[in-house]
Amino acid sequence: MNHIDKRLNQDDITRRAILIGIILVIVNAYWVGIASELWYSVFNLVNPFSNAIFTLTILIVLSFALGRLSKRFSLSPAELLVIYVMVTMVTTISGHTMMAILFGTLNHPFWFASPENEWQSLFWRYIPSWFAVSDTEILKGYFHGESTFHTVQHLKAWAIPVLTWSSFIFFLYFSLLCITSILRKQWVENEKLSYPIVQLPLTMAKDEKFFSSKLMWMGFAVSGTIRLVNGFHDIFPVIPQIPYGYRLDTFFTEKPWNAIGYTNMSFNLAIVGLTYFMPLDLSFSCWFFFWLTRAERVFANIVGWRNLYLNERASGAWLGIGLLALWVSRRHIISFGKHVLGFARMEDSREPMRYRSAAFLSLTTFVILTLFCYFAGMSIWAILVFYLLYYLLAIAIARVRAELGPPYHEVIGINPRGMMIDMFGSRRLRGENLTILTFLYAFNRCNRSHPMPCQIEAMKIGERAGANNHKLLWAMALAIGIGAVATFWSYLQTSYHYGALAKFRGHVGNFGWESFNPLQNWLQHPQLTDARAVTFMGGGFFFVFFLYAMRTRFLWWPLHPSGYVLSGASWGGMIYFWFPVMVSWLIKSIILRYGGLKAHQKGIPFFFGLILGDYIPRSIWSIVSLFLNLYMPSSGAGHTL
């Protein structure tokens, strides 16, 4: 695999690249949003995002074609990659992750309030007027469709909520950019973490021989054939379908085996390709801990245990990973603090922002975010606890991705709201805090497209491409700001046109139940600290420290703490993809054992091909499904990934 090793000009992030990036940010905000909600095609389930890779592929093809006319029309690797990064940033906002849950929450409490659920008396008074639209006449078109967002009445009603939440998203994500800027040198240059996720886009943009590799096209043909056949099956059902996987739990119908829970054996070849770049101990740990939790469920059913506290254990474990990440980086953080206070000097001329600027902007954005929650009605102590948990989770997920590169890390049930309920109880938190925490639930509902790992990976891409880090950071900030507004527009326009409860196959019209039913229960039945849940959180916290200590002390120790946090929750990060991860682990083990590192390196193009062969046809079928107005599982609809 040959790379262009020479450093690119530091000014290669050009104005035209930023302009193209802005246009594609808006296009992808709409595409990802409408595909996710109209036909439930989830682009941001797996990292790297398929729509971003597809966009990069189209740009490379167009750049090559235009370059044949004149070299000045072709895009440099740095230009291609900054556009890819900008598209990635907006994909962390749009689609069936954060925005779907946020929209479901914003529009739910007023439309679905009834005398039976008593929402009006329970928590309406805690919802600020600038949070959401309360007029059910305005919401009628949103839920039932056959309307348009572009009326004076609708635009006026939505102006303040859109401005409010777009600003919040920008400042929250920009605060993560500040933390990323502080940690970049330590993670990228000092520790030289591997960043497996960035290898595909980097190689596509920088390796001139990438698309001429026969091995890559062989891998492309294998996975691409499956997507193409299934796509034609969606259009012409007479064509046989290649199965996407099998549900194993349906075969276990008797006790105690029926306690195994949802167990899907996916045949996704893109995950096989992506897992090939993960360390063997992590891929082994992922599927091992997945099956360990299944064994625990069966054992608990035998002995009569009702609750294994899987989510609580995983919550404590994720916090432990976050603290471990900070502990490993402690010398850099201490040096950073001394530099900011003037006691020492650190070289920061090549950083995305000067360290003192990063410190100032981190503090400024945190103050803004704190004031947002305070004026919304939260107590200062609750605000501080919420952001402490949020940032620890962000750092933990970013560290796991930077160091080990798992393509999928959905962990539903691991969020600050749930942790705070366990630690303090709903009685102590009270209605004001609980209501605002419910609106913030969207930002940690599933964590699979969390912005911080994408940001730190963008910094690695900038370092490898020789791009100007300062310009790259502001390109990301621009993509986040414009992307937030564009995503709100796309969701509102498609909702008013199709109807969130009428024609949407996604869950945006129903996510509010997931947000507000627990709130109703907490307010009607106040509870104190759940001592048992907190104890299990502590157990998960110390378990990852135990795993870390064992890995540090014994080279032969096979279990990785990140494998536990990715698989240990009740709906953990291997819930869909344990089987392709296990297959990839087995293939890589055999290659390394009998062929060595040289054979492993030679096999890389084939596994790149497996990824692209899945991503490109899936993206094309998504566009076809929108034009034909047709439900197509081959486009990833319904989690058929």
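Which of the residues belonging to the range 251-284 are assigned to a helix (DSSP H, G or I), in contact with a Pro (Cβ under 7 Å, 6 or more places away or on another chain) and of a type in the set (Ser, Thr, Tyr)?
Of everything in the range 251-284, just one residue is assigned to a helix (DSSP H, G or I), in contact with a Pro (Cβ under 7 Å, 6 or more places away or on another chain) and of a type in the set (Ser, Thr, Tyr), namely Thr275.
From the list Arg505, Arg532, which residue is out of contact with any Cys (no Cβ under 9 Å at 6 or more places or on another chain), under 17 Å from Val32 (Cβ atoms) and basic (Lys, Arg)?
Arg505
Out of the helices (runs of 4 or more DSSP H) lying entirely within the range 302-384, which hold 2 or more residues that are over 30 Å from Asp422 (Cβ atoms) and basic (Lys, Arg)?
Hits in the range 302-384: 330-341.
Just the residues that are out of contact with any helix residue (DSSP H, G or I) (no Cβ under 7 Å at 6 or more places or on another chain) and either at pLDDT 95 or above or part of a helix (DSSP H, G or I) (or both), please, taken from the range 392-417.
Listed by number, the list holds a single entry, Glu403.
Sort out which residues of the range 342-364 are over 18 Å from Tyr173 (Cβ atoms), of a type in the set (Ser, Thr, Tyr) and out of contact with any helix residue (DSSP H, G or I) (no Cβ under 8 Å at 6 or more places or on another chain), and write them in order of number.
Ser349
Taking Met550 as the residue in question, decide whether it is assigned to a helix (DSSP H, G or I) and crowded, with 23+ Cβ neighbours inside 10 Å.
Details: assigned to a helix (DSSP H, G or I): yes; crowded, with 23+ Cβ neighbours inside 10 Å: no.
Against the criterion (assigned to a helix (DSSP H, G or I) and crowded, with 23+ Cβ neighbours inside 10 Å), Met550 does not qualify.
Which numbered condition trips up Ser283, out of (1) of a type in the set (Ser, Thr, Tyr); (2) farther than 30 Å from Pro617 by Cα; (3) touching a Phe, Trp or Tyr at 6+ places or on another chain (Cβ under 7 Å)?
Checking Ser283 against (1) of a type in the set (Ser, Thr, Tyr); (2) farther than 30 Å from Pro617 by Cα; (3) touching a Phe, Trp or Tyr at 6+ places or on another chain (Cβ under 7 Å), the one that fails is (2).
Is there any pair linking a residue in the range 522-534 that is within 11 Å of Ile421 (Cβ to Cβ) to one that is buried (at least 18 other Cβ atoms within 10 Å of the Cβ) and acidic (Asp, Glu), with Cβ under 9 Å and at least six apart or on different chains, and which?
Partner pairs satisfying both residue conditions: Thr529/Asp422; Asp530/Glu312; Asp530/Asp422; Ala533/Glu312; Ala533/Asp422; Val534/Glu312; Val534/Asp422.
Here is a list: Phe542, Phe511, Phe516. Which entry is within 26 Å of Trp291 (Cα to Cα) and either touching a Phe, Trp or Tyr at 6+ places or on another chain (Cβ under 8 Å) or touching a residue at least 24 places away in the same chain (Cβ under 8 Å) (or both)?
Phe542
Restricting to the range 70-123, name every residue that is under 18 Å from Tyr441 (Cβ atoms) and among the aromatic types (Phe, Trp, Tyr).
Phe103, Phe110, Trp111, Phe112, Trp119, Phe123 - these are the residues of the range 70-123 that are under 18 Å from Tyr441 (Cβ atoms) and among the aromatic types (Phe, Trp, Tyr).
Go through the range 209-255 and report how many residues are under 21 Å from Trp621 (Cα atoms), of a type in the set (Phe, Trp, Tyr) and surrounded by 14 or more Cβ atoms within 10 Å (Cβ to Cβ).
4
The values are calculated or read from the model by the stated rules, or taken from the named source; none is laboratory data. The shown structure was predicted, so the numbers you read here are calculated from the model rather than taken from an experiment. Methodologically, a virtual Cβ is constructed for each residue, glycine included, from the backbone with ideal geometry; neighbour enumeration extends over all protein chains shown.
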